[in-house]
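Okay, structure first, notes after.
The values are calculated or read from the model by the stated rules, or taken from the named source; none is laboratory data. Predicted, not measured: the structure shown is a model, and the values here were computed from it. Quick reminder, even Gly has a Cβ in these numbers, built from the backbone with ideal geometry, and neighbours come from all protein chains shown. Surface accessibility is based on the protein's heavy atoms, side chains included, excluding ligands, DNA and RNA. Shrake-Rupley method; radii C 1.70, N 1.55, O 1.52, S 1.80 Å.
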Amino acid sequence: MRVHVAGNVCIDTTFRLDRFPQAGETRNAMSHADGLGGKGANQAVAAARTGAPVTLWAATGRDAEAARIRAGLAGEVDMLRLTNFDLPTDRSTIAVDAGGENLIISGVSCAAAFKPLYHSDIGDEVGRGDIVVMQGNLDEEATADCLREANRKGARTILNASPLPKDTYPDFSSVDFLIVNEGEAQAISSFSNLKDAAAELTHLGAMNVIVTLGARGCLLLRRGSKPVSIPAPPVTAVDTSGAGDVLCGTFAGCLAKGASVASALEIAMRTAAIAVTRNGTLASCPSRQELIDLMK
Ligand code: ATP
């Protein structure tokens, strides 16, 4: 069983500052560094580190950043299917202040243009039993089409609906696992009570809903069952960015390796708990060896 992640990739430039500049102000950073990013890339790498075969379907430009992304991901996922557009490769500028708060500006030209079923062979390559993972960065209609096609072919689908859909009324009828954080669950469902929110998401079509709750863990609702709260392992968090991506990718990888839903989620939560004890997004994701040890 293969994991197909269709999503966005980008180069992140992170600036560390004492405080954010105000409008019209220029402020020197204390440090800056480039890294690979994008929710699609993050989730594909986390899935691949479980040892599952992973194809990442994404789009870049034809520039130097595209070459860096290709080189950076080549050693991580075993199949890299990048569509090239005559557009600048997507970039995010991330500013982190002394208190750890962040501001992010993302250029998403390639992600907005990328329609996986139209620009790639994903429709032909996904097979019965595979896992297809998508997020909220690609065109909403293209995402819905791709999930529908995957579902039709007998693949299991995971949608991490982040960022939230803006235009369309969400229809999750092709989604086997909808993964959202607390704020997203409340925003889509209009319920503040999480159990009601999760129930509403199943009414919108999702077979299973996982609401991530940061240090409080997750709420899992399987259609026809009662919601179950799963506590996160207690850790001292230093940087929680990307925890959701680590959880989604690891969950997908474990499912592809044959784990039950409960056990895949438990391993994914243990992996995310390790990630929050480290700095960075992709950089905080446990290594392949660490994941193999966790899965024993
Ligand atoms: P991000 O956008 O930063 O990637 P998110 O908002 O999508 O995160 P969260 O709910 O913050 O997702 O975190 C995802 C999962 O990571 C949680 O369900 C939990 O399992 C784990 N996690 C996050 N923060 C902590 C923490 N402080 N301690 C232990 N586990 C954590």
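May I ask you to say which residue of 112, 71, 67, 95 is open to solvent by less than 30 Å² (accessible area, probe 1.4 Å) and hydrophobic (A, V, I, L, M, F, W, C)?
Matching residue, one of 112, 71, 67, 95: 95.
Would you check if residue 81 is under 24 Å from residue 54 (Cα atoms), modelled with pLDDT of 95 or more, part of a helix (DSSP H, G or I) and touching a strand residue (DSSP E or B) at 6+ places or on another chain (Cβ under 9 Å)? Break it down stepwise before answering.
Values: under 24 Å from residue 54 (Cα atoms): yes; modelled with pLDDT of 95 or more: yes; part of a helix (DSSP H, G or I): no; touching a strand residue (DSSP E or B) at 6+ places or on another chain (Cβ under 9 Å): yes.
In short, no.
Looking at (1) open to solvent by less than 20 Å² (accessible area, probe 1.4 Å); (2) assigned to a helix (DSSP H, G or I); (3) touching a helix residue (DSSP H, G or I) at 6+ places or on another chain (Cβ under 6 Å); (4) free of Cβ contacts under 8 Å to residues at least 40 places away in the same chain, can you tell me which one residue 186 breaks?
(1)
Hey, which of the strands (runs of 3 or more DSSP E) in region 1-52, taking only ones fully inside, have at least 2 residues that are open to solvent by less than 40 Å² (accessible area, probe 1.4 Å), touching a residue at least 60 places away in the same chain (Cβ under 8 Å) and more than 21 Å from residue 118 (Cβ to Cβ)?
Details: elements: 3-6, 10-16, 31-37.
Hits in region 1-52: 10-16, 31-37.
Being of a type in the set (S, T, N, Q) and open to solvent by 50 Å² or more (accessible area, probe 1.4 Å) narrows it down to one residue among 263, 241, 229; which is it? Give the steps one after another, and end with the answer.
Working: 263 fails: open to solvent by 50 Å² or more (accessible area, probe 1.4 Å); 241 fails: open to solvent by 50 Å² or more (accessible area, probe 1.4 Å).
Within the list 263, 241, 229, the selection yields 229.
Return the only residue of 70, 91 being within 18 Å of residue 119 (Cβ to Cβ) and charged (D, E, K, R).
Numbers: 91 fails: within 18 Å of residue 119 (Cβ to Cβ).
Of 70, 91, the one residue that is within 18 Å of residue 119 (Cβ to Cβ) and charged (D, E, K, R) is 70.
Criterion first (of a type outside the set (S, T, N, Q), more than 8 Å from the ligand (Cβ to nearest atom) and surrounded by 15 or more Cβ atoms within 10 Å (Cβ to Cβ)) does residue 221 satisfy it? Even if it seems obvious, please write down each step before you answer.
Values: of a type outside the set (S, T, N, Q): yes; more than 8 Å from the ligand (Cβ to nearest atom): yes; surrounded by 15 or more Cβ atoms within 10 Å (Cβ to Cβ): yes.
It is true that residue 221 is of a type outside the set (S, T, N, Q), more than 8 Å from the ligand (Cβ to nearest atom) and surrounded by 15 or more Cβ atoms within 10 Å (Cβ to Cβ).
Hey, among the residues in region 277-296 that are over 15 Å from the mean Cα position of the chain (by Cα) and closer than 17 Å to residue 237 by Cβ, which one's nearest to the ligand (Cβ to nearest atom)?
Looking only at region 277-296, we keep the residues that are over 15 Å from the mean Cα position of the chain (by Cα), and these are 277-279, 286-296.
Filter once more, keeping what is closer than 17 Å to residue 237 by Cβ: 277-279, 286.
Working: 277: 8, 278: 12, 279: 13, 286: 12 Å.
The extreme case among them is 277.
Does residue 104 qualify as being loosely packed, with under 15 Cβ neighbours inside 10 Å, on the phi < 0 side of the Ramachandran plot and of a type outside the set (Asp, Glu)? Quick ask: steps written out before the conclusion?
Values: loosely packed, with under 15 Cβ neighbours inside 10 Å: yes; on the phi < 0 side of the Ramachandran plot: yes; of a type outside the set (Asp, Glu): yes.
It is true that residue 104 is loosely packed, with under 15 Cβ neighbours inside 10 Å, on the phi < 0 side of the Ramachandran plot and of a type outside the set (Asp, Glu).
Restricting attention to region 53-64, which residues are assigned to a loop (DSSP other than H, G, I, E, B) and open to solvent by 30 Å² or more (accessible area, probe 1.4 Å)? Before the answer, list the steps.
Just the residues of region 53-64 that are assigned to a loop (DSSP other than H, G, I, E, B), to begin with: 53, 61-63.
Once the filter is applied, which keeps residues that are assigned to a loop (DSSP other than H, G, I, E, B) and open to solvent by 30 Å² or more (accessible area, probe 1.4 Å), region 53-64 yields 53, 62, 63.
Quickly run through region 196-218 and pick out the residues that are outside any strand (DSSP E or B) and within 16 Å of the ligand (Cβ to nearest atom).
Passing the criteria: 197, 198, 201, 213, 214, 215, 216, 217.
Among (1) farther than 15 Å from residue 287 by Cβ; (2) assigned to a loop (DSSP other than H, G, I, E, B); (3) open to solvent by less than 50 Å² (accessible area, probe 1.4 Å), which single condition is residue 88 missing?
For residue 88, the failing item is (3).
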